[in-house]
Amino acid sequence: MSRRPLIAGNWKMNGLRADAKALASEIANLKKSDTADNCDLLVCPPFTVMETVGTAIEGSGVFLGAQTCHTAESGAHTGDISPVMLKDAGCTHVILGHSERRTDHGESDADVQAQSIAAHTNDLIAVICVGETESERESGNALQVVREQIIGSVPAGASAQNTVIAYEPVWAIGTGKVATPDDVQTMHADIRNTLKDKLGEDAANGMRILYGGSMKPANAKELLALADVDGGLIGGASLKSEDFWAIAQSCPSN
Ligand code: 13P
């Protein structure tokens, strides 16, 4: 089954209005001038620049996403943002369960599943993140840990249309260390098998599974060519338009 690659930029807690506008405009212009059109592009800026970025990418075909959301649609939740607000701000996607949210804010698999359901209810595509720590990999438990995260975080109503999985080994995030292509393919195939058991063949075969963790122009081509890698979730390299674009250009052509 052919899955259209998705290259997603997670800007994390970076970007004041002027830089965000410049970066988003550069990405939008590159996308508009693209003739190959071999992948979808998504940018996930901080909430404070959502409108700035949304305006800068308007009409370019670049998708807009957020980095988390609450489960409720509105109410007394100081500091939180609801999926309805994200939709209203022009978002089509939301990253959920990133390891930095799991660590900094104690988000559990059950929280991520509830957020994903809230996202789906509001017509947002959930980009659900999973990944093992260094000690879990070293002790030989990486596959099992990620299986449990998938089972616990992905809701029963997930489909290839409303959900994307991002495998991000925690030890590879922002460290310059990258999982080997063999380990990445083994993990992605295992994730797809777990999805088959949970959601059925069609959903699992159609669902995009992204790799994230120190993906750069220099290693993107090899990773993106792997059979079960359907794109990338990019942190540091998504903050430079030329690097983000070079990664997008590394997707296999259709
Ligand atoms: P880096 O690309 O900076 O390693 O970050 C990956 C990531 O966490 C994307 O969500």
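The values are calculated or read from the model by the stated rules, or taken from the named source; none is laboratory data. Given the structure is predicted, the values throughout are model-derived calculations rather than measurements. All Cβ positions, even for glycine, are placed from backbone atoms using ideal geometry, and neighbour counts span all protein chains on display. Accessible surface is based on the protein model in full, side chains and every heavy atom, while ligands, DNA and RNA are left aside. Shrake-Rupley method; radii C 1.70, N 1.55, O 1.52, S 1.80 Å.
For the reader, a short list of remarks on this structure follows.
- Against the list (1) of a type outside the set (Val, Ile, Thr); (2) in a helix (DSSP H, G or I); (3) within 11 Å of the ligand (Cβ to nearest atom); (4) in contact (Cβ under 8 Å) with a residue 60 or more places away in the chain, the condition Trp245 fails is (3).
- Conditions (1) at pLDDT below 95; (2) within 14 Å of the ligand (Cβ to nearest atom); (3) surrounded by fewer than 22 Cβ atoms within 10 Å (Cβ to Cβ): number failed by Ala237: (1)
- The single condition among (1) in a helix (DSSP H, G or I); (2) closer than 27 Å to Ile151 by Cα that Val53 does not satisfy is (2).
- Which listed residue is touching a Phe, Trp or Tyr at 6+ places or on another chain (Cβ under 9 Å), free of Cβ contacts under 8 Å to residues at least 40 places away in the same chain and open to solvent by 10 Å² or more (accessible area, probe 1.4 Å), from Lys177, Lys221, Lys216: Lys177
- Residues of region 15-33 satisfying the condition of being of a type in the set (Asp, Glu) and free of Cβ contacts under 8 Å to residues at least 12 places away in the same chain: Asp19
Conditions tested, residue by residue: (1) assigned to a helix (DSSP H, G or I); (2) more than 16 Å from the ligand (Cβ to nearest atom); (3) modelled with pLDDT of 95 or more.
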residue	(1), (2), (3)
Ala203	yes, yes, yes
Ser214	no, no, yes
Glu222	yes, no, yes
Gly232	no, no, yes
Asn254	no, yes, no
